[in-house]
Amino acid sequence: MRYTTLTLALALLVGCATIPTPKSRSEWEQVHMRTFPGKSQREVLDAAEKVLAAADHDFKFDYPPDKLVAYRRWTVYAVLTIAGGTDYWTLETRTVDGQTQGMVQITQQTGATTISPSFGPGGTTSWGADSYSTPGQPVQARASYDLFWARVESVLYGKPWVTCEQFKAGLKGEARGAKFGLETLCSVTTDDKTVAGS
């Protein structure tokens, strides 16, 4: 679990941002699914684990057959606010027409507590706390998925490793808004390391 003190604006990772989301099943599949010629299901699962472990050492893993389940808890401290949550990753693999296909889904549970003063008669001050939380919701912004798949391909095929800053710099126009969906891999709560040999 990571603890960081920042300004309130940076800390509100759970804030609302308008992010393009898939509008059809085929568009969803373009974001969540990839095919890996010449690679086994186990190789894809192992590569994915390396990618997530490099993103943050706080990731924990479980290993159901043909799947990888990962989660990490994070916390951010700001002025009068504490935000936190848990990111869940589920990668499933299968063989289609002799090739390995992967499908990944990210779900994020978030919450925040804000401390605020109240003023009574005679100027006396008391403090209260307002809290909210959201249940696990699918992460729909494609940025995290695109970066994840690019890094998996880096591990599997030796392609250049893409850092968070390189990925953000490559976003143009309307797509730049998608960088606000990158906190699952790129934020003050992640490590953003490179997998050795990539």
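The values are calculated or read from the model by the stated rules, or taken from the named source; none is laboratory data. Please read these numbers as outputs of a predicted model, since none were measured by experiment. Here the Cβ positions follow ideal geometry from the backbone for every residue, glycine too, while neighbour counts run over all protein chains shown. Ligands, DNA and RNA are stripped out before the accessible areas are found, and what is left, the full protein with its side chains, is counted by its heavy atoms. Shrake-Rupley method; radii C 1.70, N 1.55, O 1.52, S 1.80 Å.
Just a few scattered comments:
- All positions within region 92-116 that are aliphatic (A, V, I, L, M) and surrounded by fewer than 16 Cβ atoms within 10 Å (Cβ to Cβ): Val96, Met103, Ile115
- Residues considered: Ala83, Ala47, Ala78. Of these, the only one that is under 20 Å from Asp192 (Cα atoms) and either buried (at least 16 other Cβ atoms within 10 Å of the Cβ) or modelled with pLDDT under 95 (or both) is Ala47.
- Sub-7 Å Cβ pairs linking a first residue in region 171-193 that is farther than 16 Å from Thr107 by Cα to a second residue that is open to solvent by 30 Å² or more (accessible area, probe 1.4 Å) and at pLDDT 70 or above, at least 6 apart or interchain, are Ala178/Arg142; Lys179/Lys168; Asp191/His57; Asp192/Thr163, ordered by first then second residue.
- If the condition is being surrounded by fewer than 12 Cβ atoms within 10 Å (Cβ to Cβ) and either in a loop (DSSP other than H, G, I, E, B) or at positive phi (or both), then region 117-146 contributes Gly120, Gly122, Gly123, Thr124.
- Exclusive hit being within 25 Å of Thr194 (Cα to Cα) and at pLDDT below 95, set Asp58, Asp62: Asp58
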